[in-house]
Amino acid sequence: MAAGAGTVLKGHCLCGACRFALAGPHNWVGHCHCDSCRRATASPMTTWIGQENGTWQMTGDAPQTYRSSAGVERGFCGTCGSPLYFRAERYPNEVHFYAALLEDPEAVLPKAQYHAAERIAWIHLASALPCP
């Protein structure tokens, strides 16, 4: 079931040191197929939750950051290395959190996919979702 406006979703890294809380509603939830996200996660795609600034907070250890390209910061746990979020100057009012880190990943439902032109040919899980 998708999270509603009054729901707070909690998530954490592999070791549990870095934690976060997201208060709904979310701006969007979608799969990303871009090369940068694949390399940052060592996976064929990742699923993001676009969260408005002021509706999320880090509740555990402070994450480390990596500037993966101009205007882009990726947060990760300094202990276990789990990626936590993506922040970009081109999206000044939101941060993107990894849906797979949620305590209940099924609490969100992807509604779109992004950078589908970069999708690996053998990925068919998201083929029915729109490509805005």
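The values are calculated or read from the model by the stated rules, or taken from the named source; none is laboratory data. Source: prediction; values computed, not measured. So basically every Cβ, Gly included, is an ideal-geometry build from the backbone, and we count neighbours across all protein chains shown. Surface accessibility is based on the protein's heavy atoms, side chains included, excluding ligands, DNA and RNA. Shrake-Rupley method; radii C 1.70, N 1.55, O 1.52, S 1.80 Å.
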Inset, instruction - From Cys18, Cys37, Cys32, grab the single residue that is over 24 Å from Leu125 (Cβ atoms), in contact (Cβ under 8 Å) with a residue 40 or more places away in the chain and open to solvent by less than 50 Å² (accessible area, probe 1.4 Å). - result: Cys18
Legend entry - Out of Ala99, Ala2, sole residue that is closer than 25 Å to Ala128 by Cα, at pLDDT 95 or above and of a type in the set (A, V, I, L, M, F, W, C): Ala99
Inset, instruction - Evaluate segment 70-78: report whether one residue or more is assigned to a loop (DSSP other than H, G, I, E, B), modelled with pLDDT of 95 or more and closer than 20 Å to Cys13 by Cβ. - result: yes
Inset, instruction - Could you grab me the full set of residues in segment 49-72 that are surrounded by 16 or more Cβ atoms within 10 Å (Cβ to Cβ), of a type outside the set (Val, Ile, Thr) and under 14 Å from the mean Cα position of the chain (by Cα)? - result: Gly50, Gln51, Trp56
Inset, instruction - Please indicate, with yes or no, whether at least one residue in segment 39-50 is over 21 Å from Arg119 (Cβ atoms), in contact with a Cys (Cβ under 8 Å, 6 or more places away or on another chain), assigned to a loop (DSSP other than H, G, I, E, B) and not hydroxyl-bearing (Ser, Thr, Tyr). - result: no
Inset, instruction - Test Gln113 against the stated conditions and say whether it is outside any loop (DSSP other than H, G, I, E, B), modelled with pLDDT of 95 or more and either closer than 25 Å to Thr7 by Cβ or open to solvent by 80 Å² or more (accessible area, probe 1.4 Å) (or both). - result: no
Inset, instruction - Pick out the one residue from Arg67, Arg119 that is within 20 Å of Ser43 (Cα to Cα) and either free of Cβ contacts under 8 Å to residues at least 60 places away in the same chain or among the polar types (S, T, N, Q) (or both). - result: Arg67
Inset, instruction - Looking at (1) open to solvent by 60 Å² or more (accessible area, probe 1.4 Å); (2) without any contact (Cβ under 8 Å) to a residue 24 or more places away in the chain; (3) not hydroxyl-bearing (Ser, Thr, Tyr), find the lone condition where Ala88 falls short. - result: (1)
